[in-house]
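Right, one structure below, let's go through it.
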Amino acid sequence: MPEAPAGSLRERKKQRTRQELIDTALEMFTERGFDAVTLDELCAAVEISKRTFFRYFTSKEDVAMAPSQDMWAALIERLRAGEPGLDRTLLDSVQDDLLAVVADMPEGWARRTLAAHRLTATTPSINGHNLHFCDRTTRTVRDVLGKRFAIPDDTTDPRPRIALDVLISATRCAHDAWAAGSTGTRDELLAHLRTAFAAIPGALTCTPHVRG
């Protein structure tokens, strides 16, 4: 067997360390509570220094949200690599890309994402981190799409921004429904995403009735 390049070996080791950090953090946060686990304890469990930890993540909140962030990062990369030209609505196109990304995420990702989502629902600091991340991600997606398509600035035409905000809102609704009764499978998440996306047109015309 030919010897693997040193750079490849280093990269695989980095990926293993990052994944071990995510798995260990999610397990410790779930068992003991997010605030009860110190960064020193997490680093000791993985046998790394805090300096090494900060090469991968900026905070405990960051490592807790890593599975979700990995999904959005994969979507952005898919959008960057996509072919120019769009014969469907912007919303439909990005929805299809997001479904494809979820279907392609690696083994174990769905289980980790479920744990991260449940932590978000019970931990204000993670939820705040997640909201900030969603805002940054929306801006990044708009910038990426703006390089592929003739999308007007949201100061002159708010529709592209609203479309992406609606997409993220529907995605969060799908994750909430998934986390409420899921066993943590990818297929269940995909089904909830499709249901949430299909509900978008009706949501825009939903008329509430006064209670009798």
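The values are calculated or read from the model by the stated rules, or taken from the named source; none is laboratory data. Owing to the predicted nature of the structure, the values given are computational and were not obtained by experimental measurement. Cβ sites come from the backbone with ideal geometry, for glycine too, and all protein chains shown count toward neighbours.
Is there any pair with a first residue in segment 185-212 that is within 19 Å of Asp96 (Cα to Cα) and a second that is surrounded by fewer than 13 Cβ atoms within 10 Å (Cβ to Cβ) whose Cβ atoms are under 8 Å apart and which are 6 or more apart or on different chains, and what are they? Pairs that qualify, where the first residue is within 19 Å of Asp96 (Cα to Cα) and the partner is surrounded by fewer than 13 Cβ atoms within 10 Å (Cβ to Cβ), are Arg186/Ala103; Leu190/Ala103.
Look at (1) loosely packed, with under 13 Cβ neighbours inside 10 Å; (2) in contact with an Asp or Glu (Cβ under 8 Å, 6 or more places away or on another chain); (3) not hydrophobic (A, V, I, L, M, F, W, C) and you find that Asp135 fails only one, number (2).
For segment 10-65, the set of residues classified as part of a loop (DSSP other than H, G, I, E, B) and either within 17 Å of the chain's Cα centre (by Cα) or charged (D, E, K, R) (or both) consists of Asp35, Glu47, Phe57, Thr58, Ser59, Met65, listed by residue number. A Cβ distance below 6 Å, combined with a sequence gap of six or more or placement on separate chains, defines the contacts here; from segment 146-161, residues that are aliphatic (A, V, I, L, M) reach residues that are assigned to a helix (DSSP H, G or I) in the pairs Ile151/Leu145; Ile151/Pro160.
Residues that are buried (at least 16 other Cβ atoms within 10 Å of the Cβ) and more than 25 Å from Leu145 (Cβ to Cβ) were ranked within segment 185-212; the one that is farthest from the chain's Cα centre (by Cα) is Glu188. Within the option set Leu75, Leu91, being at pLDDT below 95 and closer than 20 Å to Phe197 by Cα holds for one residue only, Leu91. Is segment 53-64 home to any residue that is under 16 Å from Ile22 (Cα atoms), touching a residue at least 24 places away in the same chain (Cβ under 8 Å) and acidic (Asp, Glu)? Yes, some residue in segment 53-64 is under 16 Å from Ile22 (Cα atoms), touching a residue at least 24 places away in the same chain (Cβ under 8 Å) and acidic (Asp, Glu).
Of all the listed residues (Ala198, Ala174, Ala179), the sole one being in contact with a Phe, Trp or Tyr (Cβ under 9 Å, 6 or more places away or on another chain) and modelled with pLDDT of 90 or more is Ala174. Among the residues of segment 66-88, the ones that are of a type outside the set (Asp, Glu), exposed (fewer than 15 other Cβ atoms within 10 Å of the Cβ) and part of a helix (DSSP H, G or I) come to 3 in all. Please state which one of Phe53, Phe57 is crowded, with 16+ Cβ neighbours inside 10 Å, closer than 30 Å to Leu167 by Cβ and not small (Gly, Ala, Ser). Result of the check over Phe53, Phe57: Phe57.
Here is a yes/no grid of residues against (1) outside the structural domain of Ala150 (by TED's automatic domain parsing); (2) farther than 24 Å from His175 by Cα:
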| position | (1), (2) |
| --- | --- |
| Gln15 | yes, yes |
| Leu21 | yes, no |
| Glu27 | yes, no |
| Thr30 | yes, no |
| Phe34 | yes, no |
| Glu47 | yes, yes |
| Arg118 | no, no |
